[in-house]
Amino acid sequence: MTDTRTHEATVADPAPARFDTLPLDAKLLRAVADSGYATMTPIQAKAIPIVLDGRDVMGAAQTGTGKTAAFSIPLLQRMLKHENASASPARHPVRALVLAPTRELADQVANNVKAYAKHTQLRVACVFGGIDMKPQTLQLKGGVEVLIATPGRLLDHIEAKNCVLNQVEYVVLDEADRMLDIGFLPDLQRILSYLPKARQTLLFSATFSGEIKKLAQSYLQEPVLVEVARPNATASTVEQRFFSVTDDDKRQAVRQILRQREIKQAIVFVNSKLGAARLARSFERDGLRTAALHGDKSQDERLKSLDAFKRGEVDLLVATDVAARGLDIADLPAVFNFDVPFNAEDYVHRIGRTGRAGASGIAVTLVTKSDARLVADIEKLTKRTLEIEPIEIEDGRPARPRRSDADGDGEPRRAPREARAELDSASSAVGETVRRSSYRPAPASRDPFFDKPYEPTAGVEAPSWEKAAPAASLSAKALSPYIKPKKKVAALFGAKRDAEPETIDQQTAGS
(Lines give C-alpha, C1' and ligand atoms only; values in the text may rest on other atoms or scores of the structure.)
Protein backbone atom coordinates (compact mmCIF):
# COMPACT_ATOMS: atom_id res chain seq x y z
CA MET A 1 0.00 0.00 0.00
CA THR A 2 1.21 3.45 -0.83
CA ASP A 3 2.48 5.40 2.13
CA THR A 4 2.36 9.18 1.71
CA ARG A 5 4.46 10.94 4.30
CA THR A 6 5.11 14.59 4.89
CA HIS A 7 8.73 15.63 4.85
CA GLU A 8 9.53 17.96 7.73
CA ALA A 9 12.04 20.67 6.94
CA THR A 10 14.90 21.51 9.24
CA VAL A 11 14.19 24.84 10.91
CA ALA A 12 17.37 25.19 12.91
CA ASP A 13 18.75 27.81 10.54
CA PRO A 14 16.08 30.32 9.51
CA ALA A 15 18.36 31.89 6.89
CA PRO A 16 17.74 30.81 3.27
CA ALA A 17 19.98 27.95 2.21
CA ARG A 18 22.50 28.55 -0.54
CA PHE A 19 22.88 26.39 -3.64
CA ASP A 20 26.58 25.92 -3.03
CA THR A 21 25.73 24.00 0.15
CA LEU A 22 24.17 21.22 -1.95
CA PRO A 23 26.19 18.28 -3.29
CA LEU A 24 25.98 19.52 -6.87
CA ASP A 25 28.56 19.31 -9.64
CA ALA A 26 30.60 22.43 -10.33
CA LYS A 27 29.11 22.69 -13.84
CA LEU A 28 25.59 22.87 -12.43
CA LEU A 29 26.59 25.37 -9.73
CA ARG A 30 28.16 27.53 -12.42
CA ALA A 31 24.96 27.45 -14.51
CA VAL A 32 22.85 28.27 -11.44
CA ALA A 33 25.08 31.25 -10.70
CA ASP A 34 24.80 32.38 -14.33
CA SER A 35 21.00 32.32 -13.93
CA GLY A 36 21.28 34.73 -10.99
CA TYR A 37 20.38 32.26 -8.24
CA ALA A 38 22.29 32.34 -4.96
CA THR A 39 19.82 31.14 -2.33
CA MET A 40 17.10 28.51 -2.62
CA THR A 41 13.40 29.08 -2.26
CA PRO A 42 11.58 27.00 0.39
CA ILE A 43 10.31 24.43 -2.14
CA GLN A 44 13.81 24.08 -3.59
CA ALA A 45 15.43 23.71 -0.17
CA LYS A 46 13.01 20.92 0.77
CA ALA A 47 12.62 19.07 -2.53
CA ILE A 48 16.16 19.02 -3.98
CA PRO A 49 17.74 16.85 -1.24
CA ILE A 50 14.86 14.34 -1.47
CA VAL A 51 15.13 14.13 -5.27
CA LEU A 52 18.89 13.66 -4.98
CA ASP A 53 18.17 10.68 -2.69
CA GLY A 54 16.11 9.05 -5.43
CA ARG A 55 12.72 9.30 -3.71
CA ASP A 56 9.37 9.97 -5.40
CA VAL A 57 8.06 13.44 -4.53
CA MET A 58 4.71 15.22 -4.50
CA GLY A 59 5.55 18.92 -4.38
CA ALA A 60 2.90 21.44 -3.37
CA ALA A 61 3.92 25.07 -3.55
CA GLN A 62 2.50 28.38 -4.62
CA THR A 63 3.12 29.29 -8.21
CA GLY A 64 6.19 31.43 -8.82
CA THR A 65 8.27 29.78 -6.08
CA GLY A 66 10.74 27.96 -8.34
CA LYS A 67 9.27 24.48 -8.80
CA THR A 68 11.05 24.03 -12.15
CA ALA A 69 14.48 24.36 -10.59
CA ALA A 70 13.35 22.17 -7.68
CA PHE A 71 13.02 19.13 -9.94
CA SER A 72 15.31 19.88 -12.91
CA ILE A 73 18.55 20.68 -11.06
CA PRO A 74 18.66 17.45 -9.00
CA LEU A 75 17.65 15.35 -12.02
CA LEU A 76 20.48 16.82 -14.07
CA GLN A 77 22.85 16.02 -11.22
CA ARG A 78 21.70 12.38 -11.21
CA MET A 79 22.05 12.12 -15.00
CA LEU A 80 25.62 13.41 -15.12
CA LYS A 81 26.81 9.81 -14.78
CA HIS A 82 25.47 9.22 -18.31
CA GLU A 83 27.12 12.34 -19.74
CA ASN A 84 29.19 11.70 -22.87
CA ALA A 85 30.42 13.57 -25.93
CA SER A 86 29.63 10.79 -28.41
CA ALA A 87 27.91 11.76 -31.64
CA SER A 88 26.00 8.48 -31.82
CA PRO A 89 22.28 8.84 -31.11
CA ALA A 90 22.34 5.47 -29.34
CA ARG A 91 24.57 7.00 -26.63
CA HIS A 92 21.95 9.68 -25.93
CA PRO A 93 18.64 7.92 -25.14
CA VAL A 94 15.78 9.66 -23.37
CA ARG A 95 16.47 9.31 -19.63
CA ALA A 96 14.29 12.07 -18.18
CA LEU A 97 10.75 12.91 -19.36
CA VAL A 98 8.93 16.09 -18.28
CA LEU A 99 5.23 16.37 -19.17
CA ALA A 100 3.53 19.78 -19.19
CA PRO A 101 -0.12 20.65 -19.94
CA THR A 102 0.39 23.62 -22.27
CA ARG A 103 2.77 24.52 -25.06
CA GLU A 104 3.85 27.75 -23.39
CA LEU A 105 4.72 25.99 -20.14
CA ALA A 106 6.61 23.24 -21.97
CA ASP A 107 8.65 25.85 -23.85
CA GLN A 108 9.41 27.76 -20.66
CA VAL A 109 10.50 24.63 -18.76
CA ALA A 110 12.72 23.64 -21.69
CA ASN A 111 14.41 27.05 -21.69
CA ASN A 112 15.12 26.76 -17.96
CA VAL A 113 16.48 23.22 -18.22
CA LYS A 114 18.70 24.22 -21.15
CA ALA A 115 20.07 27.07 -19.04
CA TYR A 116 20.89 24.72 -16.16
CA ALA A 117 22.50 22.12 -18.48
CA LYS A 118 24.43 24.48 -20.76
CA HIS A 119 27.83 23.56 -19.28
CA THR A 120 27.20 19.81 -19.56
CA GLN A 121 27.04 17.34 -22.45
CA LEU A 122 23.39 16.50 -21.74
CA ARG A 123 21.01 17.19 -24.62
CA VAL A 124 17.62 18.81 -24.04
CA ALA A 125 14.67 18.89 -26.46
CA CYS A 126 11.11 20.16 -26.35
CA VAL A 127 8.19 18.89 -28.45
CA PHE A 128 4.67 20.29 -28.52
CA GLY A 129 1.82 20.62 -30.97
CA GLY A 130 0.86 23.44 -33.28
CA ILE A 131 4.11 23.37 -35.29
CA ASP A 132 5.72 21.09 -37.84
CA MET A 133 6.91 17.69 -36.58
CA LYS A 134 9.88 17.39 -38.95
CA PRO A 135 12.38 19.57 -37.00
CA GLN A 136 11.32 17.82 -33.79
CA THR A 137 11.79 14.43 -35.44
CA LEU A 138 15.32 15.28 -36.54
CA GLN A 139 16.21 16.43 -33.05
CA LEU A 140 14.75 13.31 -31.40
CA LYS A 141 16.51 10.94 -33.78
CA GLY A 142 19.77 12.76 -33.11
CA GLY A 143 19.65 11.74 -29.45
CA VAL A 144 18.17 13.49 -26.43
CA GLU A 145 18.62 12.87 -22.69
CA VAL A 146 16.00 15.27 -21.33
CA LEU A 147 12.68 15.49 -23.19
CA ILE A 148 10.03 18.09 -22.29
CA ALA A 149 6.72 17.47 -24.05
CA THR A 150 2.98 17.96 -24.08
CA PRO A 151 1.11 14.63 -23.96
CA GLY A 152 -0.63 14.86 -27.33
CA ARG A 153 2.46 15.63 -29.42
CA LEU A 154 4.55 13.07 -27.52
CA LEU A 155 2.06 10.35 -28.43
CA ASP A 156 2.32 11.45 -32.07
CA HIS A 157 6.09 10.93 -31.96
CA ILE A 158 5.72 7.59 -30.17
CA GLU A 159 3.31 6.31 -32.82
CA ALA A 160 5.66 7.55 -35.55
CA LYS A 161 8.51 5.69 -33.79
CA ASN A 162 10.54 8.88 -33.52
CA CYS A 163 11.46 8.29 -29.88
CA VAL A 164 11.83 5.29 -27.59
CA LEU A 165 11.09 5.59 -23.86
CA ASN A 166 12.33 2.20 -22.63
CA GLN A 167 15.37 3.76 -20.90
CA VAL A 168 13.57 6.54 -19.05
CA GLU A 169 14.70 6.72 -15.41
CA TYR A 170 13.00 9.96 -14.30
CA VAL A 171 9.48 11.26 -14.95
CA VAL A 172 8.09 14.66 -13.96
CA LEU A 173 4.40 15.58 -14.11
CA ASP A 174 4.37 19.37 -14.01
CA GLU A 175 1.01 21.03 -13.27
CA ALA A 176 -0.63 17.61 -13.28
CA ASP A 177 -3.98 18.95 -12.09
CA ARG A 178 -4.26 21.04 -15.24
CA MET A 179 -3.53 18.01 -17.40
CA LEU A 180 -6.41 16.22 -15.72
CA ASP A 181 -8.71 19.23 -16.10
CA ILE A 182 -8.24 19.37 -19.86
CA GLY A 183 -8.71 15.65 -20.33
CA PHE A 184 -5.15 14.35 -20.60
CA LEU A 185 -5.63 11.43 -18.19
CA PRO A 186 -6.02 8.78 -20.96
CA ASP A 187 -2.93 10.19 -22.71
CA LEU A 188 -0.97 10.15 -19.44
CA GLN A 189 -1.92 6.54 -18.83
CA ARG A 190 -0.81 5.56 -22.33
CA ILE A 191 2.51 7.40 -21.99
CA LEU A 192 3.27 5.93 -18.56
CA SER A 193 2.56 2.45 -19.92
CA TYR A 194 5.55 2.83 -22.29
CA LEU A 195 7.93 3.62 -19.41
CA PRO A 196 9.90 1.16 -17.28
CA LYS A 197 8.34 0.23 -13.96
CA ALA A 198 11.55 1.04 -12.08
CA ARG A 199 11.74 4.81 -12.28
CA GLN A 200 11.68 7.94 -10.12
CA THR A 201 8.47 9.92 -10.49
CA LEU A 202 8.00 13.53 -9.39
CA LEU A 203 4.68 15.40 -9.30
CA PHE A 204 4.59 19.17 -8.82
CA SER A 205 1.61 21.50 -8.73
CA ALA A 206 0.27 24.56 -6.95
CA THR A 207 -3.04 22.85 -6.18
CA PHE A 208 -3.78 19.28 -5.13
CA SER A 209 -7.22 17.86 -5.84
CA GLY A 210 -8.63 14.44 -5.06
CA GLU A 211 -7.91 13.26 -8.62
CA ILE A 212 -4.25 14.24 -8.26
CA LYS A 213 -3.92 12.17 -5.09
CA LYS A 214 -5.48 9.17 -6.86
CA LEU A 215 -3.01 9.61 -9.70
CA ALA A 216 -0.14 9.72 -7.22
CA GLN A 217 -1.32 6.54 -5.54
CA SER A 218 -1.36 4.77 -8.90
CA TYR A 219 2.00 5.82 -10.31
CA LEU A 220 4.19 6.98 -7.39
CA GLN A 221 5.87 4.63 -4.95
CA GLU A 222 5.94 5.82 -1.34
CA PRO A 223 6.03 9.49 -2.33
CA VAL A 224 7.22 12.17 0.04
CA LEU A 225 4.75 15.07 0.25
CA VAL A 226 6.65 18.35 0.28
CA GLU A 227 4.61 21.42 1.20
CA VAL A 228 5.91 24.92 1.76
CA ALA A 229 2.48 26.50 2.30
CA ARG A 230 -1.06 25.45 2.96
CA PRO A 231 -2.40 23.55 -0.06
CA ASN A 232 -4.28 25.72 -2.58
CA ALA A 233 -3.12 28.88 -0.82
CA THR A 234 -2.46 32.13 -2.65
CA ALA A 235 0.75 34.11 -2.38
CA SER A 236 0.87 36.65 0.43
CA THR A 237 2.65 39.14 -1.85
CA VAL A 238 -0.44 39.49 -4.07
CA GLU A 239 -3.08 42.09 -3.17
CA GLN A 240 -6.45 40.58 -4.02
CA ARG A 241 -9.38 42.90 -4.78
CA PHE A 242 -12.93 41.98 -5.81
CA PHE A 243 -15.16 44.63 -7.38
CA SER A 244 -18.88 44.41 -8.09
CA VAL A 245 -19.64 45.61 -11.62
CA THR A 246 -22.06 45.02 -14.47
CA ASP A 247 -21.07 43.33 -17.70
CA ASP A 248 -21.28 46.62 -19.57
CA ASP A 249 -18.90 48.38 -17.17
CA LYS A 250 -16.16 45.73 -17.01
CA ARG A 251 -13.98 47.16 -19.75
CA GLN A 252 -14.21 50.68 -18.37
CA ALA A 253 -13.39 49.38 -14.88
CA VAL A 254 -10.17 47.81 -16.17
CA ARG A 255 -9.13 51.05 -17.88
CA GLN A 256 -9.99 53.06 -14.78
CA ILE A 257 -7.91 50.86 -12.45
CA LEU A 258 -4.99 50.91 -14.88
CA ARG A 259 -5.11 54.70 -14.92
CA GLN A 260 -5.60 55.20 -11.18
CA ARG A 261 -2.85 52.75 -10.17
CA GLU A 262 -0.53 53.77 -13.03
CA ILE A 263 -0.17 50.15 -14.11
CA LYS A 264 1.93 49.79 -17.24
CA GLN A 265 1.35 46.09 -17.98
CA ALA A 266 -1.25 43.49 -17.04
CA ILE A 267 -2.76 40.16 -18.06
CA VAL A 268 -6.54 40.11 -18.51
CA PHE A 269 -8.02 36.63 -18.15
CA VAL A 270 -11.30 35.62 -19.78
CA ASN A 271 -13.13 32.30 -19.93
CA SER A 272 -13.57 31.86 -23.69
CA LYS A 273 -11.40 32.08 -26.79
CA LEU A 274 -13.99 34.15 -28.66
CA GLY A 275 -14.27 36.53 -25.70
CA ALA A 276 -10.49 36.96 -25.63
CA ALA A 277 -10.35 37.91 -29.30
CA ARG A 278 -13.22 40.39 -29.03
CA LEU A 279 -11.94 41.99 -25.84
CA ALA A 280 -8.46 42.40 -27.31
CA ARG A 281 -9.90 44.27 -30.30
CA SER A 282 -11.95 46.48 -27.98
CA PHE A 283 -8.92 47.46 -25.90
CA GLU A 284 -6.98 48.08 -29.10
CA ARG A 285 -9.67 50.56 -30.20
CA ASP A 286 -9.29 52.25 -26.80
CA GLY A 287 -5.67 53.05 -27.62
CA LEU A 288 -3.98 50.28 -25.60
CA ARG A 289 -1.33 48.06 -27.15
CA THR A 290 -3.02 44.69 -26.86
CA ALA A 291 -2.33 41.08 -27.83
CA ALA A 292 -4.54 38.01 -27.53
CA LEU A 293 -3.41 34.57 -26.36
CA HIS A 294 -5.80 31.64 -26.73
CA GLY A 295 -6.08 28.15 -28.15
CA ASP A 296 -7.40 29.14 -31.59
CA LYS A 297 -4.17 30.95 -32.44
CA SER A 298 -1.29 29.08 -34.03
CA GLN A 299 1.68 28.24 -31.86
CA ASP A 300 3.85 30.73 -33.71
CA GLU A 301 1.32 33.52 -33.05
CA ARG A 302 1.07 32.55 -29.39
CA LEU A 303 4.82 32.61 -28.89
CA LYS A 304 5.15 35.95 -30.69
CA SER A 305 2.41 37.51 -28.54
CA LEU A 306 4.04 36.22 -25.37
CA ASP A 307 7.50 37.41 -26.39
CA ALA A 308 6.17 40.85 -27.29
CA PHE A 309 4.51 41.09 -23.89
CA LYS A 310 7.70 40.05 -22.08
CA ARG A 311 9.69 42.67 -24.01
CA GLY A 312 7.24 45.40 -22.99
CA GLU A 313 5.91 46.01 -26.50
CA VAL A 314 2.36 45.12 -25.38
CA ASP A 315 0.41 46.77 -22.56
CA LEU A 316 -2.37 44.19 -22.12
CA LEU A 317 -2.27 40.47 -22.79
CA VAL A 318 -5.84 39.20 -23.06
CA ALA A 319 -5.65 35.46 -22.48
CA THR A 320 -7.57 32.34 -21.60
CA ASP A 321 -6.31 29.83 -19.06
CA VAL A 322 -3.58 28.65 -21.43
CA ALA A 323 -1.54 31.49 -19.88
CA ALA A 324 -2.56 30.71 -16.29
CA ARG A 325 -0.09 27.91 -15.64
CA GLY A 326 3.60 28.27 -15.05
CA LEU A 327 4.31 31.29 -17.25
CA ASP A 328 7.08 33.33 -15.67
CA ILE A 329 6.87 37.01 -16.59
CA ALA A 330 9.27 39.12 -14.61
CA ASP A 331 7.89 42.08 -12.64
CA LEU A 332 4.30 41.74 -13.84
CA PRO A 333 2.43 44.30 -11.70
CA ALA A 334 -1.20 43.24 -12.16
CA VAL A 335 -3.60 40.52 -13.21
CA PHE A 336 -7.29 41.08 -14.03
CA ASN A 337 -9.94 38.38 -13.89
CA PHE A 338 -12.30 39.90 -16.45
CA ASP A 339 -14.36 36.72 -16.01
CA VAL A 340 -14.43 34.80 -12.74
CA PRO A 341 -12.92 31.37 -13.58
CA PHE A 342 -15.25 28.39 -13.71
CA ASN A 343 -12.70 26.31 -11.79
CA ALA A 344 -11.63 27.72 -8.43
CA GLU A 345 -8.13 26.23 -8.80
CA ASP A 346 -7.61 28.31 -11.92
CA TYR A 347 -8.03 31.43 -9.78
CA VAL A 348 -4.96 30.43 -7.74
CA HIS A 349 -2.93 29.93 -10.90
CA ARG A 350 -4.15 33.10 -12.61
CA ILE A 351 -3.20 35.43 -9.81
CA GLY A 352 0.10 33.57 -9.46
CA ARG A 353 1.33 35.29 -12.65
CA THR A 354 1.97 38.38 -10.52
CA GLY A 355 3.82 38.68 -7.24
CA ARG A 356 6.43 36.14 -8.33
CA ALA A 357 9.79 35.54 -6.66
CA GLY A 358 8.88 37.75 -3.70
CA ALA A 359 7.73 40.74 -5.74
CA SER A 360 4.43 42.47 -5.01
CA GLY A 361 1.43 42.57 -7.31
CA ILE A 362 -2.30 43.14 -7.47
CA ALA A 363 -5.01 40.76 -8.67
CA VAL A 364 -8.37 42.33 -9.54
CA THR A 365 -11.48 40.21 -10.06
CA LEU A 366 -14.61 41.73 -11.61
CA VAL A 367 -17.72 40.11 -10.16
CA THR A 368 -21.28 40.30 -11.50
CA LYS A 369 -24.48 39.10 -9.85
CA SER A 370 -24.32 35.80 -11.74
CA ASP A 371 -20.86 35.00 -10.32
CA ALA A 372 -21.97 34.38 -6.73
CA ARG A 373 -21.51 30.62 -6.89
CA LEU A 374 -18.07 30.88 -8.50
CA VAL A 375 -16.90 33.33 -5.83
CA ALA A 376 -18.17 30.96 -3.14
CA ASP A 377 -16.07 28.17 -4.69
CA ILE A 378 -12.97 30.38 -4.48
CA GLU A 379 -13.70 31.14 -0.82
CA LYS A 380 -14.07 27.44 -0.10
CA LEU A 381 -10.81 26.57 -1.85
CA THR A 382 -8.68 29.35 -0.38
CA LYS A 383 -10.41 29.16 3.04
CA ARG A 384 -10.75 32.92 3.30
CA THR A 385 -13.66 35.35 3.19
CA LEU A 386 -13.64 37.58 0.14
CA GLU A 387 -14.89 41.15 0.39
CA ILE A 388 -16.64 42.36 -2.75
CA GLU A 389 -16.32 46.13 -3.02
CA PRO A 390 -18.39 48.53 -5.11
CA ILE A 391 -16.59 50.59 -7.73
CA GLU A 392 -17.73 53.93 -9.13
CA ILE A 393 -17.20 54.10 -12.86
CA GLU A 394 -15.87 57.49 -13.90
CA ASP A 395 -16.17 57.32 -17.65
CA GLY A 396 -17.22 60.94 -18.26
CA ARG A 397 -20.53 59.96 -19.85
CA PRO A 398 -23.77 61.67 -18.70
CA ALA A 399 -25.86 59.64 -16.31
CA ARG A 400 -28.90 57.91 -17.68
CA PRO A 401 -32.07 60.02 -17.11
CA ARG A 402 -34.45 58.72 -14.50
CA ARG A 403 -38.22 58.53 -14.86
CA SER A 404 -38.67 61.28 -12.22
CA ASP A 405 -36.53 63.73 -14.17
CA ALA A 406 -38.54 66.42 -15.99
CA ASP A 407 -37.91 68.49 -19.08
CA GLY A 408 -38.15 72.24 -19.05
CA ASP A 409 -41.86 72.16 -19.87
CA GLY A 410 -42.67 70.09 -16.79
CA GLU A 411 -43.35 66.85 -18.69
CA PRO A 412 -41.64 63.77 -17.24
CA ARG A 413 -38.71 62.56 -19.31
CA ARG A 414 -38.91 58.91 -20.26
CA ALA A 415 -35.83 56.70 -20.23
CA PRO A 416 -34.62 55.49 -23.62
CA ARG A 417 -35.40 51.89 -22.66
CA GLU A 418 -39.04 52.77 -21.92
CA ALA A 419 -39.32 54.70 -25.19
CA ARG A 420 -37.97 51.73 -27.11
CA ALA A 421 -40.43 49.40 -25.37
CA GLU A 422 -43.32 51.67 -26.36
CA LEU A 423 -42.18 51.77 -29.96
CA ASP A 424 -41.79 48.00 -30.06
CA SER A 425 -45.29 47.45 -28.69
CA ALA A 426 -46.74 49.87 -31.23
CA SER A 427 -44.92 48.22 -34.12
CA SER A 428 -46.06 44.76 -33.05
CA ALA A 429 -49.67 45.98 -33.13
CA VAL A 430 -49.46 46.97 -36.78
CA GLY A 431 -47.32 43.99 -37.71
CA GLU A 432 -44.11 45.80 -38.69
CA THR A 433 -40.89 46.98 -36.96
CA VAL A 434 -40.47 50.70 -36.50
CA ARG A 435 -36.80 51.41 -36.98
CA ARG A 436 -36.87 55.18 -36.52
CA SER A 437 -39.41 57.61 -35.20
CA SER A 438 -39.17 59.59 -38.50
CA TYR A 439 -40.05 56.61 -40.69
CA ARG A 440 -42.46 57.43 -43.56
CA PRO A 441 -43.64 55.08 -46.33
CA ALA A 442 -42.37 55.77 -49.83
CA PRO A 443 -44.80 57.83 -52.00
CA ALA A 444 -46.66 56.03 -54.80
CA SER A 445 -45.46 56.45 -58.41
CA ARG A 446 -47.30 59.14 -60.39
CA ASP A 447 -45.64 58.67 -63.79
CA PRO A 448 -48.47 58.66 -66.40
CA PHE A 449 -46.53 56.37 -68.72
CA PHE A 450 -46.37 53.62 -66.09
CA ASP A 451 -49.92 54.25 -64.84
CA LYS A 452 -51.78 53.83 -68.20
CA PRO A 453 -53.03 50.33 -69.18
CA TYR A 454 -51.27 48.16 -71.71
CA GLU A 455 -51.93 48.91 -75.36
CA PRO A 456 -50.53 46.74 -78.15
CA THR A 457 -48.24 48.51 -80.57
CA ALA A 458 -49.63 48.93 -84.08
CA GLY A 459 -47.85 47.15 -86.92
CA VAL A 460 -46.21 44.56 -84.70
CA GLU A 461 -47.05 40.95 -85.55
CA ALA A 462 -48.77 39.06 -82.74
CA PRO A 463 -46.85 36.25 -81.06
CA SER A 464 -47.22 32.85 -82.59
CA TRP A 465 -49.07 31.51 -79.58
CA GLU A 466 -51.69 34.22 -79.90
CA LYS A 467 -52.31 33.72 -83.64
CA ALA A 468 -55.70 32.17 -84.53
CA ALA A 469 -55.49 28.70 -86.00
CA PRO A 470 -56.56 28.59 -89.70
CA ALA A 471 -59.75 26.80 -90.63
CA ALA A 472 -57.81 24.29 -92.70
CA SER A 473 -56.18 23.03 -89.56
CA LEU A 474 -59.49 21.51 -88.53
CA SER A 475 -59.57 19.23 -91.51
CA ALA A 476 -57.80 15.96 -91.80
CA LYS A 477 -55.37 17.42 -94.40
CA ALA A 478 -53.88 19.87 -91.87
CA LEU A 479 -53.08 17.14 -89.33
CA SER A 480 -49.53 16.42 -88.35
CA PRO A 481 -47.77 13.92 -90.58
CA TYR A 482 -47.33 11.71 -87.54
CA ILE A 483 -51.11 11.40 -87.04
CA LYS A 484 -52.74 8.97 -89.47
CA PRO A 485 -56.16 10.08 -90.89
CA LYS A 486 -59.20 7.95 -90.47
CA LYS A 487 -59.58 5.29 -93.13
CA LYS A 488 -62.56 5.71 -95.47
CA VAL A 489 -64.80 2.62 -95.61
CA ALA A 490 -68.13 1.80 -97.29
CA ALA A 491 -71.43 2.10 -95.46
CA LEU A 492 -71.74 -1.62 -95.67
CA PHE A 493 -68.99 -2.02 -93.05
CA GLY A 494 -70.43 0.47 -90.60
CA ALA A 495 -69.29 3.84 -91.84
CA LYS A 496 -71.33 6.81 -90.65
CA ARG A 497 -73.45 8.39 -93.36
CA ASP A 498 -73.19 11.92 -92.06
CA ALA A 499 -69.38 11.73 -91.79
CA GLU A 500 -68.60 11.13 -95.52
CA PRO A 501 -71.83 11.52 -97.52
CA GLU A 502 -70.24 12.00 -100.96
CA THR A 503 -68.10 8.85 -100.70
CA ILE A 504 -71.06 6.72 -99.65
CA ASP A 505 -73.21 7.95 -102.49
CA GLN A 506 -70.45 7.21 -105.01
CA GLN A 507 -69.99 3.70 -103.73
CA THR A 508 -73.79 3.08 -103.78
CA ALA A 509 -74.04 4.33 -107.35
CA GLY A 510 -71.23 2.12 -108.47
CA SER A 511 -72.92 -0.96 -107.07
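The values are calculated or read from the model by the stated rules, or taken from the named source; none is laboratory data. Nothing here was measured: the structure is a model prediction, and the numbers come from that model. Cβ atoms come from the backbone with ideal geometry, glycine included; neighbour counts cover every protein chain shown.
Observations on the structure shown:
- Scoring Pro93 on the criteria (1) free of Cβ contacts under 8 Å to residues at least 40 places away in the same chain; (2) assigned to a loop (DSSP other than H, G, I, E, B) leaves a single failure, condition (1).
Here's the yes/no breakdown for (1) farther than 30 Å from Glu211 by Cβ; (2) surrounded by fewer than 20 Cβ atoms within 10 Å (Cβ to Cβ); (3) not assigned by TED's automatic domain parsing to the domain that holds Val168; (4) not β-branched (Val, Ile, Thr):
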position: Asp20; (1), (2), (3), (4): yes, yes, no, yes
position: Lys27; (1), (2), (3), (4): yes, yes, no, yes
position: Ala31; (1), (2), (3), (4): yes, no, no, yes
position: Pro42; (1), (2), (3), (4): no, yes, no, yes
position: Ile48; (1), (2), (3), (4): no, no, no, no
position: Met58; (1), (2), (3), (4): no, no, no, yes
position: Phe71; (1), (2), (3), (4): no, no, no, yes
position: Leu75; (1), (2), (3), (4): no, no, no, yes
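- Members of the range 49-69 that are over 27 Å from Ser360 (Cβ atoms) and either part of a helix (DSSP H, G or I) or within 32 Å of the chain's Cα centre (by Cα) (or both): Pro49, Ile50, Val51, Leu52, Val57, Met58
- Qualifying residue in the range 240-259 (condition: of a type in the set (A, V, I, L, M), buried (at least 16 other Cβ atoms within 10 Å of the Cβ) and at pLDDT below 90): no
- When Gln189, Gln136, Gln167 are checked against the criterion of being within 25 Å of the chain's Cα centre (by Cα) and closer than 20 Å to Ala117 by Cβ, a single residue qualifies: Gln136.
- The residues of the range 192-214 that are at pLDDT 80 or above and in contact with an Asp or Glu (Cβ under 9 Å, 6 or more places away or on another chain), listed by number, are Pro196, Ala198, Arg199, Gln200, Thr201, Leu202, Leu203, Phe204.
- Residue check, Thr201 β-branched (Val, Ile, Thr) and within 22 Å of the chain's Cα centre (by Cα): no
- When the range 182-226 is filtered for residues that are acidic (Asp, Glu), exposed (fewer than 15 other Cβ atoms within 10 Å of the Cβ) and more than 24 Å from Leu76 (Cα to Cα), only Glu211 remains.
- The residues listed here are Asn162, Asn166, Asn112; of these, the one that is closer than 23 Å to Gly36 by Cα and either surrounded by 18 or more Cβ atoms within 10 Å (Cβ to Cβ) or at pLDDT below 95 (or both) is Asn112.
- Qualifying residue in the range 229-252 (condition: in contact (Cβ under 8 Å) with a residue 60 or more places away in the chain, among the aliphatic types (A, V, I, L, M) and part of a helix (DSSP H, G or I)): no
- Top-ranked residue in the range 204-226 [being within 18 Å of Val109 (Cβ to Cβ) and not polar (S, T, N, Q); ranked as nearest to the chain's Cα centre (by Cα)]: Ala206
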